[in-house]
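Heads up: the structure comes next, in structure tokens.
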Amino acid sequence: MSANVSGWNINQVFVDSLKYLTEHGDTLTIRGSEVKEVTNFTYELKNIHNNILTIPYRFNNFPAVCYETMWVISGMNNLSHLKYFLPNCVDYSDNGKTWAGAYGPRLRYGCSSRFRYEDVSKPINHINYKDQLYHVMRTLRDDPYSRQAMIIIGSSADYESDQETKDRPCNIAIQYYIRNNELNCTVFQRSGDAVWGTFNINIFEWTTIQKIIADCLNVATGSLTHHITSFHHYTDKHTAMIEKVLETQDEIPDIYEHYRQGTDQRDNGDESEFHKILEYHYANVFYSLNVLDHLIDNDVVRKQFNEIDKLFIDIDNQGYIKNLHNTAKSFILLKKGYIHPDFIQELLTDRGVYSIAILEYIVRYFKDDPKQIEGILDEIDDSKYEAEIIDYIKWSL
């Protein structure tokens, strides 16, 4: 599948995709909203580890992306804690409690329209009989060149014409294949908003799952190819922001030039144990969400800050989930007022682009509190971060 846009990091692919949409898109009205659209658009992200969007003026809520990614992997569709990060998520719910088209239950319990009506409110920490991630891994273990390693998300019931719903799955299928000992992924999407969906949660959740599958199979990661039938943005909401991004694209500090992300592959791994590694990842998501939800629901005490470190199973690539957890935890502590030098210094530990993304979000959070921002920037200036990284964080001001 040839790509309209291709690049080595998400920032590059995002900007080039917006440029392509601006230059080639048609303006039309769909379901009462004016959009600019191109059809049958495809992009390729060549290094899936470069998957954290850090574009000024995009105003990305990266902690919400991290929490939602774990929420999807956990198999849930209940919004009770997701709405702490995404308050407007209930606007896309048929009942105010769940997402009828949520991906998580379909990934973990098999594709079924019954999840339009069932409330899955608890994360699971084990492999189910119809777990689609597990069956992808088993297919590729038995035949590394298989073309049958598929995840099906949308069911026919989701798209019945008399189905009255706010939520039909936009991503409908995912295919995984191994070539040159690298796990590649192709996503098929019927409709993708360039700003809210495609380059926000979608690219991050699918690349995170791709990394987990590659880790379980002990192969390197390849590329993500994403094909979208209707690739669009909403003109009234996003035109000004997109114009600002494109106007300043040559001035944006290049985060990935200084923090190159590599591929992870275990040494001397046993491919026959892939199911055990998968359950380790599931357990880490399970424990992480339980701790985060507890922090949301209860008063926070100091001893709870690092509680998750006692629960994580020590596997080589546990950092995938631990970084998601730490970013989401930072958001919760921020909302509860736990901002102090130790907290900022914790964020400045060697977490690379994750730290940069959450620090940029915190600076924006305090945009109307110059004294608080000054204190945060002092902590950053005292760290060993390169000048370009400090400039990027200040850029958001």
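Every number here is computed from the coordinates shown, using simple stated rules; none is lab data. None of these values were measured; they are calculated from a predicted model. Cβ: placed from backbone, ideal geometry, glycine included. Neighbour counts: every protein chain shown.
So the values come out like this:
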quantity: Per-residue Cβ neighbour rank within 10 angstrom, fewest leading, Tyr117, Tyr43, Tyr256; calculated: Tyr117, Tyr256, Tyr43
quantity: Sorted peptide list for 82-89, 47-54, criterion being average Cβ within 10 angstrom, highest first; calculated: 47-54, 82-89
quantity: Modelled FRET efficiency - R0 41 Å, Glu247 with Asp94, Cβ distances, 0.05 increments; calculated: 0.55
quantity: Restraint check, Lys36/Lys237; Lys36/Lys244; Lys122/Lys335; Lys211/Lys276, Cα-Cα greater than 21 Å; calculated: Lys122/Lys335
quantity: Asp16, Asp254, Asp297 arranged by Cβ crowding within 10 Å, fewest neighbours leading; calculated: Asp297, Asp254, Asp16
quantity: Net charge over other residues, Cβ less than 12 angstrom from the Cβ of Asn4 (K, R count +1; D, E count -1); calculated: -2
quantity: Cα gyration tensor shape of the stretch 95-230, rounded if a/c is under 1.5, else prolate or oblate by comparing a/b with b/c; calculated: prolate
quantity: Virtual spin-label span in nm between Thr29 and Asp368, 7 Å along Cα→Cβ; calculated: 3.5
quantity: Computed E for Lys19/Lys130 - FRET, C-beta separation, R0 35 angstrom, nearest 0.05; calculated: 0.25
quantity: Cut-off 15 Å (backbone N to label point 7 Å along Cα→Cβ of Ser161), residues of the stretch 173-191; calculated: none
quantity: Ranked Tyr282, Tyr361, criterion: other C-beta atoms within 10 Å, fewest first; calculated: Tyr361, Tyr282
quantity: Sites Ala240 and Trp196 - FRET efficiency at Förster radius 22 Å, r taken between beta-carbons, to 0.05; calculated: 0.90
quantity: Listed residues Asn51, Gly25, Ser112: farthest to the positive end of the dipole of the stretch 1-115 (Cβ charges); calculated: Ser112
